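To keep things clear, I will list the structure first and then write my remarks on it.
The values are calculated or read from the model by the stated rules, or taken from the named source; none is laboratory data. The shown structure was predicted, so the numbers you read here are calculated from the model rather than taken from an experiment. Cβ atoms come from the backbone with ideal geometry, glycine included; neighbour counts cover every protein chain shown. When the accessible area is computed, the model is the full protein with side chains, heavy atoms only, and any ligands, DNA or RNA have been set aside. Shrake-Rupley method; radii C 1.70, N 1.55, O 1.52, S 1.80 Å.
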Amino acid sequence: MQFGHFDDANREYVITQPDTPLPWINYLGCQAYFGLISNTAGGYSFYRDARLRRISRYRYNNVPFDFGGRYIYVRDNQSSEFWSPSWQPTRNQVDKYSCRHGMGYSIIGSEYKGIEARTRYFVPLDENLEIWQLTVTNHRQTSASLSIFSSIEFCLWDAQDDSTNFQRNFSIGQVEIEDGVIYHKTEYRERRDHFAYFACSAKTAGFDTQRESFVGPYRGWDKPAVVERGESANSVAHGWAPIGSHHVKLDLKPGESQQIIFVLGYHENPVAEKFDPPDSQTVNKKTVKPVIAKYLKAANADAAFDRLRAYWDELLSICQVETPDIHTNRMVNIWNAYQCMATFNMSRSASFYESGIGRGLGFRDSNQDLLGFVHMVPSRARERILDLASTQLPTGGAYHQYQPLTKRGNNDVGGNFNDDPHWLIIGVSAYIKETGDWSILDEPVPYDNEPGSEKPLYEHLQRSFQYTLDRLGPHGLPLIGRADWNDCLNLNCFSDTPGQSFQTTTNKEGKTAESVFIAGLFVLAGQELAAIAEHRCHKDEAKRYRAEAKKMDETIHQHGWDGEWFIRAYDDFGKKVGSSECTEGKIFIEPQGFCVLAGVGLEDGLAQKALDSTRKHLATKHGIVLQQPAYSRYYLHLGEISSYPPGYKENAGIFCHNNPWVMIAEAKVGNGDNAHDYYSRINPSAREAISDLHRCEPYVYSQMIAGKDAPTHGEAKNSWLTGTAAWNYYAIVQQILGIQTSLDGLQIAPVIPTSWKGFKATRKYRGVTYRIEIERQGKGNKIALTVDGKKLEGNTVPVPVNGTKEISVRGILS
Ligand code: GLC
Ligand code: GLC
């Protein structure tokens with residue numbers, strides 16, 4: 001069952017039924033001002049940091065699940081009836097409902113008794129504000145006398161404090177109202193120099209800023225007293241819950257249409273100019289008024305929208321493909337790339353499953369995310385890398401995350417994850433392969449943000465690599481520390497206290513538990529670093545990195561191989577995890593995917609065996625589960641992984657983030673059929689028809705799909721913010737379609753399904769547009785390339801040096 005459809009030409013997903021199984025959301029904003037918006041206009045906004053600068057309030061895990069947002073009410077003043085065009089919060093039986101989620105905007109609306117109302121929500125480029133462009137049309141034969149009410153509930157900035165510290169917060173709310181503009185200025189009187197505002201383009205008949213006056217005692221957003229009455233209370237908030245609501249009276253002749261623009265924004269004043277007059281307590285509005293005036297004009301709002309469209313056209317044009325599979329095309333050309341930009345902006349901080357107060361920007365997460373967005377925003381990727389590296393510790397280890405506003409690392413979600421440092425090598429390498437910008441390696445970067453500790457970025461990479469060499473276990477495999485990629489395999493934790501966090505509780509020193517996954521990652525990072533060192537003419541160093549990677553490869557062969565597949569780890573007692581010797585958790589996906597991806601076992605058949613075992617034991621029609629058999633009970637020595645009921649999350653769920661590792665591994669052994677088959681199983685567009693089972697958005701990946709041990713097998717959770725976005729993008733574009741970035745240029749090495757006749761692609765790379773056309777003539781993966789008609793030796797297309805802006809690359813697969 002579907003709840004809408006793709007409109008690929010407009011790059012939109014059109015939801016035609018408001019009661020989707022879960023809120024189907026979109027993101028607004030791509031620079032500093034951001035918002036989340038659901039298909040019924042739920043959600044909230046923030047400036048830079050969802051925790052520290054929350055502009056509007058949102059209550060998670062609400063009843064209904066998604067409640068609170070950018071709601072507009074329409075009231076028919078003849079019948080006194082009122083409704084919300086976005087369906088929520090009044091939930092009237094509206095007609096012709098649609099929500100068009102597009103690139104950085106959403107258009108939501110419907111028709112009710114002949115009155116059509118649709119709102120286009122978006123954040124203009126380079127501005128810290130959002131526009132709600134409401135168009136109301138009277139399709140009746142008679143004139144309509146309407147009242148429009150806007151509404152937003154302000155958050156008192158720090159979202160954590162806002163939802164807990166009521167004894168203070170109920171007394172501090174402050175607003176100002178001037179010329180119909182509502183200014184939310186809580187704490188502006190003291191240490192804040194920022195405020196929010198909510199403006200309206202039409203002449204207002206009234207306003208409200210105190211929540212209780214608007215909704216009325218013992219009422220909710222579904223039936224606000226003011227809307228029912230048809231008249232604002234003109235309330236001024238003193239403490240309690242500041243909100244913003246305008247009342248606009250609208251008379252429409254038959255067939256007439258009118259537009260009202262609402263602008264919700266964030267503004268900072270220079271500290272010395274906070275007040276106007278200077279010795280007063282009144283907000284200085286001179287600095288913000290021109291911005292407000294500008295966007296209340298329809299022509300300017302339209303122009304800003306066009307600019308946003310053009311911005312996304314440009315970003316997405318960098319990589320476009322035309323394959324025989326519509327789901328591949330749609331995800332690569334539109335939605336997967338778009339989701340990668342969301343993970344760039346949010347990391348794992350703010351979604352409908354990440355509350356914005358739990359996590360910031362993850363070291364491991366954001367480095368991997370780079371694989372998916374570096375080609376679209378290379379200069380911002382550079383900045384991101386330097387921010388991440390600045391939080392690295394002198395040991396080479398890393399804080400697990402930092403807060404976007406402060407850019408300082410913290411241990412709020414734990415530390416000592418021994419895989420962390422290697423992701424920096426992977427991220428930097430991806431950046432250089434894309435851009436050819438070697439200068440980044442010489443950039444001075446501090447450790448732990450400590451001024452004076454700056455060293456070239458290259459040295460950070462060296463320390464990352466060394467970090468593992470300094471922490472090898474009894475078998476010569478990397479010690480796991482708190483955990484590796486799998487946050488929930490907690491081999492040093494031994495937590496027996498209810499409620500204790502597996503992520504932050506004090507761990508054992510941990511001199512025994514080892515990770516085969518980190519070993520695979522180390523092999524990959526070693527090769528990447530060696531290639532970088534070679535380019536910098538550090539021959540001996542490169543040799544050493546290769547030797548260490550090779551040694552680790554041998555150690556994996558010796559101590560990380562179980563006979564039919566790669567072992568996952570050794571626990572604190574030196575016993576195997578993910579081995580046929582175990583009663584549960586005999587085989588894990590991570591080492592199968594990642595060891596092969598790093599090249600381990602490609603020559604001696606272990607890789608193929610590992611993949612065969614993966615197919616046999618872990619693959620389901622909804623994707624590949626994380627391990628089998630699922631843990632049926634809690635194991636003190638394994639930790640959080642066994643805390644989840646079987647089939648969910650890390651306990652044998654289909655963790656979509658690591659499925660692409662197996663796709664890539666299949667590509668490495670040359671099996672394009674298997675690679676693309678796995679790709680299709682979790683591709684959200686390919687799952688659209690089963691939206692009632694899948695439940696999450698069909699246009700973006702979710703972190704998890706319930707595994708075969710779960711009663712809800714096939715149900716997705718935690719959409720949007722997941723490493724799944726970047727890894728799937730990387731797997732399909734670089735490994736299956738084989739359009740690979742390398743240090744020396746674009747490499748063409750497709751491993752596509754045997755049934756495909758070929759495909760086309762356009763890739764803008766280092767200033768040159770590559771028009772690529774691949775034709776299949778045989779069943780294999782051998783490629784013969786011509787560039788602008790000339791035969792090419794090998795498969796790396798050198799970047800033209802003579803100012804050529806476009807080249808044509810033709811490949812014959814045999
Ligand atoms: C979450 C985390 C990621 C981790 C994964 C597996 O997605 O964001 O860092 O690798 O879970 O535990
Ligand atoms: C929990 C989740 C895991 C996530 C981690 C982040 O352990 O299961 O997916 O990575 O929290 O702290």
Using a 1.4 Å probe on heavy atoms of the protein chains only, the accessible area for Trp756 in Å², nearest 10, reads 20
Rounded to whole Å, √(5λ) for the Cα gyration tensor eigenvalues of region 101-152, largest first, gives 27, 12, 8
At R0 = 30 Å the Cβ-Cβ FRET efficiency linking Glu773 and Asp437, nearest 0.05, sits at 0.55
In region 120-234 the accessible area split gives carbon plus sulfur, as whole percent at 1.4 Å, a share of 43
By the Cα gyration tensor axes a ≥ b ≥ c (a/c under 1.5 gives rounded; else a/b larger than b/c gives prolate, otherwise oblate), the shape of region 85-175 is prolate
Expressed in nanometres to one decimal, the distance between label points 7 Å along Cα→Cβ at Ala299 and Gln141 is 3.9
Ranked output for segments 713-723, 319-329, 515-525 by mean other Cβ atoms within 10 Å, highest leading, reads 515-525, 713-723, 319-329
Region 724-814: antiparallel bridges as % of DSSP beta bridges, rounded to 5, reads 75
For Lys289, counting only aspartates and glutamates whose alpha-carbon sits under 20 Å away and dropping same-chain residues fewer than eight positions off, the answer is Asp126, Glu127, Glu130, Glu176, Glu178, Asp179, Asp193, Glu268, Glu273, Asp276, Asp302
In Å, the C-alpha Rg and Dmax of region 209-347 are 22.3, 68
Note on the chain, DSSP bridge orientation, antiparallel percent to nearest 5 equals 95
Of the listed links Lys550/Lys668; Lys455/Lys511; Lys586/Lys649; Lys455/Lys550; Lys757/Lys782, those spanning more than 20 angstrom between alpha carbons are Lys455/Lys511; Lys455/Lys550
Rounded to the nearest 10 Å², the 1.4 Å probe accessible area of His557 is 60
Rounded to the nearest 10 Å², the 1.4 Å probe accessible area of Met341 is 0
Loop-resident trypsin sites (Lys or Arg not before Pro) in region 619-700 with no more than 12 other Cβ atoms inside 10 Å, DSSP not H/G/I/E/B, are Lys621, Arg633
Checked region 411-566 against the a/c 1.5 cut and the a/b vs b/c comparison, axes a ≥ b ≥ c from its Cα gyration tensor; verdict oblate
P(r) of region 139-240 over all Cα-Cα pairs, 10 Å bins starting at 0, rounded to whole percent, reads 13, 41, 31, 10, 3, 1
The percentage of Cα-Cα pairs in region 562-704 separated by more than 20 Å is 47
Taking Cα atoms, the helix 457-469 axis meets the longest principal axis of the chain at an angle in degrees (rounded to 10) of 60
Taking a probe of 1.4 Å and leaving out DNA, RNA and ligands, the chain shows per residue an accessible area in Å² of 35
Percent relative contact order for region 364-472, counting Cα pairs under 8 Å at least six residues apart, stands at 32
Nearest 10, in degrees from 0 to 90: the angle of helix 672-682 to the longest Cα principal axis of the chain is 30
The lysines whose Cα lies under 17 Å from the Cα of Lys433, excluding any fewer than 8 residues away in the same chain, are Lys764
Note to self, the chain gives a 222 nm [θ] from helices alone (DSSP H runs n ≥ 4, -39500 (n - 2.57) apiece, / all residues, nearest 500) of -7500 deg cm²/dmol
Taking 782-795, 588-601 and ranking on average Cβ neighbours within 10 Å, highest first, one gets 588-601, 782-795
If amide H atoms are modeled at 1.01 Å from N in the peptide plane, then the residues at a separation of 5 or more from Arg140, or on another chain, having amide H under 5 Å from its own are Gly255
For the chain, Rg(Cα) over 2.2 N^0.38 Å is 0.98
Cα pairs beyond 21 Å in region 426-501, in percent, come to 52
Measuring from the longest principal axis of the C-alpha atoms of the chain, the long axis of helix 336-346 (C-alpha) lies at a number of degrees, nearest 10, equal to 70
Computed over region 321-473, the distribution of all Cα-Cα distances in 10 Å bins, rounded to whole %, is 11, 38, 33, 13, 4, 0
Under the 7 Å Cα-to-Cβ spin-label approximation, Ala272 and His238 lie apart by a distance in nanometres of 3.5
For Arg189 and Lys289, extending 7 Å from Cα along the Cα-Cβ vector and measuring point to point gives, in nm, a value of 2.4
Straight-line reach check, Lys113, cutoff 20 Å on alpha carbons, 8 or more apart in-chain or any other chain, hits among lysines -> Lys96, Lys223, Lys249, Lys253
